[in-house]
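These notes concern the structure reproduced below.
The values are calculated or read from the model by the stated rules, or taken from the named source; none is laboratory data. Quick caveat, the model's predicted, so the values are computed rather than measured. Backbone-built Cβ (ideal geometry, glycine too); neighbour counts: all protein chains shown. Ligands, DNA and RNA are stripped out before the accessible areas are found, and what is left, the full protein with its side chains, is counted by its heavy atoms. Shrake-Rupley method; radii C 1.70, N 1.55, O 1.52, S 1.80 Å.
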Amino acid sequence: HKPSLIKMPEENQIVEFKNFQRKVRVPFSIYADFEAINQECNITRGKGTSVVAKQKMCSYSFYIHSNYPNLIQSMLIEPYLGEDATEKFVNELNVWEEYFQRLLKTNIPISMTEEDTFNFQNASHCWLCEKRLTPNNNKNTTVADHDHYNGKYRGAAHNKYNLRAKHQTFVPFYF
């Protein structure tokens, strides 16, 4: 790997944020932790390298965070302690993976209030890129963006940015 080089913008150069789809919150995330015990071993690997201990997972817990309590409540998964912690952890994650695969396909149609309709019809800027909305044409159509997990209107948007802010296809997992 090459070393990192910080390159500052030149004077009068404009730096802009362009990943507007990243303004949309991640619907679900998982935070996990596990503990391990050291097991003595004497293994030699090559010249001058000795493994003196291996770590064996002995307990785990994880927290599921949801920004959509209408679909799933945030919850702490009961901590587990046992010699088979690794196997139990993997099995439990596989069950949750299947559940989230179904949940990530949620697509609730838009439901706009009278106020939402008024705001959409009078919007002057895209809520994602914050640039001026232009009269509809084939290249830059204005659409009513909504949250597919609850059906709520989020704002008027350029169609191209609305399409980039599509459904998440995975659940971030943090250790």
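Only a single criterion out of (1) open to solvent by 70 Å² or more (accessible area, probe 1.4 Å); (2) within 30 Å of Y31 (Cβ to Cβ) is not satisfied by L103, namely (1).
Against the numbered list (1) in contact with a strand residue (DSSP E or B) (Cβ under 9 Å, 6 or more places away or on another chain); (2) open to solvent by less than 70 Å² (accessible area, probe 1.4 Å); (3) closer than 25 Å to N67 by Cβ, H148 comes up short only at (1). With a requirement of 3 or more residues that are touching a residue at least 60 places away in the same chain (Cβ under 8 Å), the strands (runs of 3 or more DSSP E) lying completely within segment 16-111 that satisfy it span 28-44. For the condition surrounded by 15 or more Cβ atoms within 10 Å (Cβ to Cβ), in a loop (DSSP other than H, G, I, E, B) and touching a residue at least 12 places away in the same chain (Cβ under 8 Å), V171 qualifies. Residue-level analysis places N162 outside the set of residues that are polar (S, T, N, Q) and open to solvent by 40 Å² or more (accessible area, probe 1.4 Å). Out of E115, E97, E87, one residue alone is surrounded by fewer than 16 Cβ atoms within 10 Å (Cβ to Cβ) and over 25 Å from H65 (Cα atoms). It is E115. Among the residues making up segment 26-65, those that are crowded, with 16+ Cβ neighbours inside 10 Å, out of contact with any helix residue (DSSP H, G or I) (no Cβ under 6 Å at 6 or more places or on another chain) and aromatic (F, W, Y) are F28, F34, F62. Restricting attention to segment 131-140, does a residue exist that is open to solvent by less than 30 Å² (accessible area, probe 1.4 Å) and touching a residue at least 60 places away in the same chain (Cβ under 8 Å)? No. Filtered by the rule that a residue be within 14 Å of Y31 (Cβ to Cβ) and of a type in the set (A, V, I, L, M, F, W, C), segment 66-82 gives M75, L76, I77.
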